[in-house]
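Participant: Take this structure, written in structure tokens, and hold onto it; I'll ask about it next.
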Amino acid sequence: MLAQMKKRSLGMLVCGAMLLSCLAITGCQVSVGGQTLPSGYYLHDDIQYFPKGPEFKLSREAAALKAARSEAELDR
């Protein structure tokens, strides 16, 4: 009986140690106190670059409306 208890506790200890080591070596994104903290591999991640675009996003639409208004005024 005592040997079985020792085997069981040793098995639980080994299983817990393996689980803890798996959690320690894998990086994961964590939310702590309202902060989103990066994974352990954030220095090795791909960098995404989004080039700066125009401030006014609807420039083509505005130009088309202006042209339509000027054409409508000419037709009057």
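Participant: State the number of residues belonging to segment 38-76 that are within 30 Å of Ala24 (Cβ to Cβ) and either β-branched (Val, Ile, Thr) or surrounded by 10 or more Cβ atoms within 10 Å (Cβ to Cβ) (or both). Walk me through it before giving the result.
Facilitator: If we filter segment 38-76 for residues that are within 30 Å of Ala24 (Cβ to Cβ), which is where we start, we get 38-48.
Now narrow it down to the ones that are either β-branched (Val, Ile, Thr) or surrounded by 10 or more Cβ atoms within 10 Å (Cβ to Cβ) (or both): 38-42, 45, 47.
Within segment 38-76, residues that are within 30 Å of Ala24 (Cβ to Cβ) and either β-branched (Val, Ile, Thr) or surrounded by 10 or more Cβ atoms within 10 Å (Cβ to Cβ) (or both) number 7.
Participant: Here is a check on your reading of the model: is Leu37 under 24 Å from the mean Cα position of the chain (by Cα) and either among the acidic types (Asp, Glu) or modelled with pLDDT of 75 or more (or both)?
Facilitator: Numbers: under 24 Å from the mean Cα position of the chain (by Cα): yes; either among the acidic types (Asp, Glu) or modelled with pLDDT of 75 or more (or both): yes.
It is true that Leu37 is under 24 Å from the mean Cα position of the chain (by Cα) and either among the acidic types (Asp, Glu) or modelled with pLDDT of 75 or more (or both).
The values are calculated or read from the model by the stated rules, or taken from the named source; none is laboratory data. Model, not experiment: these values are computed from the prediction. Neighbour counts run over all protein chains shown; Cβ positions are idealised from the backbone, glycine included.
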